[in-house]
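Asker: One structure coming up, written as structure tokens, with questions to follow.
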Amino acid sequence: MSYWDYRVIRKTQNDAVSYEIHEVYYNDKDEIESWTEEPVSPMGETCNELRNDIFYFMSAFRHPVLNMVQEDKKERLEECEDEQTVNPGHYFEVMDRASVVLAHFDEFIVSHPVVRKNDHLKESAQKIIEALYGFYNEAAGLCCKKDAEGKSQ
């Protein structure tokens, strides 16, 4: 089944690099078939629709950046190498972010009256909390492992 999603595309023109969000279309084999010629902008007929569209735009950052390359007078997209390197501080940073997500989830979702009064939603929220704690603990394990490796060198 073919589908599309938002992706960040990196373009180089006259030694200037720019990053823009495009709609990218895939075939049944998950191969890129085409993309919008111009970048897309968030829009909506209401503020809520605009907010939702911006939320969907953010999903583009969960995927590798696509680099637009020219080959035989034809453009194609290829995944860029990940430009970010991981340093020791990143492990604490991801743990910190996970704890912030947990706090916000508890404050804004779990404590909401609709969730508190609906057993199914409470159970779902509990599963999310357990998954987030599991994520936090896994990140902490990586942090401790990296810290131990650093001391042994």
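Bear in mind these aren't lab numbers, they're just calculated from the coordinates by the rules spelled out. Only a predicted model underlies this, so the values are computations on that prediction, with no experimental measurement involved. Cβ: placed from backbone, ideal geometry, glycine included. Neighbour counts: every protein chain shown.
Asker: Restricting to bridges with both residues inside region 10-153, how much of the DSSP beta-bridge set is antiparallel, in percent to the nearest 5? Walk me through the intermediate numbers first.
Answerer: Numbers: 13 of 14 bridges.
Within region 10-153, antiparallel bridges account for around 95 percent of the total.
Asker: What percent does the relative contact order of the chain come to when contacts are Cα pairs within less than 8 Å and at least six residues apart? Don't jump to the answer; show the numbers that get you there.
Answerer: Numbers: 159 pairs, mean separation 24.7, N = 153.
The value is 16 percent.
Asker: How large is the charge dipole for the chain, taken about the Cα centre, if only the Cβ atoms of Lys, Arg (+1) and Asp, Glu (-1) carry charge, to the nearest 20 debye? Numbers along the way, then the final one.
Answerer: On the way: 17 positive and 31 negative charges, 142 e Å.
Value, rounded to 20: 680 debye.
Asker: On to the next question. Any number yet on Rg/Rh for region 88-152, C-alpha, Kirkwood? Mind dumping the intermediate values first?
Answerer: Values: Rg = 15.2 Å, Rh = 13.1 Å.
A ratio of 1.16.
Asker: Could I ask something else about it? Excluding same-chain pairs closer than 8 in sequence, count the lysine pairs in the chain whose Cα atoms lie under 22 Å apart.
Answerer: Working: Lys11/Lys73; Lys11/Lys74; Lys29/Lys74; Lys117/Lys127.
For the chain, qualifying lysine pairs total 4.
Asker: Round to the nearest 10 and give me the degree value, 0 to 90, for the angle of helix 47-58's Cα axis relative to the longest principal axis of the chain.
Answerer: 80 degrees
Asker: Calculate the dipole size of region 63-110 relative to its Cα centre from +1 charges on Lys and Arg beta carbons and -1 charges on Asp and Glu beta carbons; express the result in debye to the nearest 20. Walk me through the numbers on the way to the answer.
Answerer: Numbers: 4 positive and 12 negative charges, 20 e Å.
So the dipole magnitude of region 63-110 works out to roughly 100 debye.
Asker: Here is a follow-up. At 0.36 nm per residue, and after removing the present C-alpha to C-alpha distance, how many nm does the segment from Val101 to Trp4 gain when stretched out fully?
Answerer: On the way: separation 97, 0.36 × 97 = 34.92 nm, distance 2.85 nm.
Extra length from Val101 to Trp4 when fully extended: 32.1 nm.
Asker: Another one. On a 0 to 90 degree scale, rounded to 10, what angle separates helix 88-104 from the longest Cα axis of the chain?
Answerer: Roughly 70 degrees, rounded to the nearest 10.
Asker: Now a separate question. Where the Cα atoms of the chain are projected onto their three principal axes, how long is each span, largest first, in whole Å?
Answerer: 56, 55, 30
Asker: Helix 119-152 versus the longest principal axis of the chain: what is the Cα-based angle in degrees, 0 to 90, to the nearest 10?
Answerer: On a 0 to 90 degree scale, this one is about 80.
Asker: Here's another thing I want to ask about it. Residue separation times 0.36 nm, minus the C-alpha to C-alpha distance between Glu78 and Ile54: what's the value? Write out the running numbers ahead of the final one.
Answerer: Numbers: separation 24, 0.36 × 24 = 8.64 nm, distance 2.44 nm.
My answer for the length gained is 6.2 nm.
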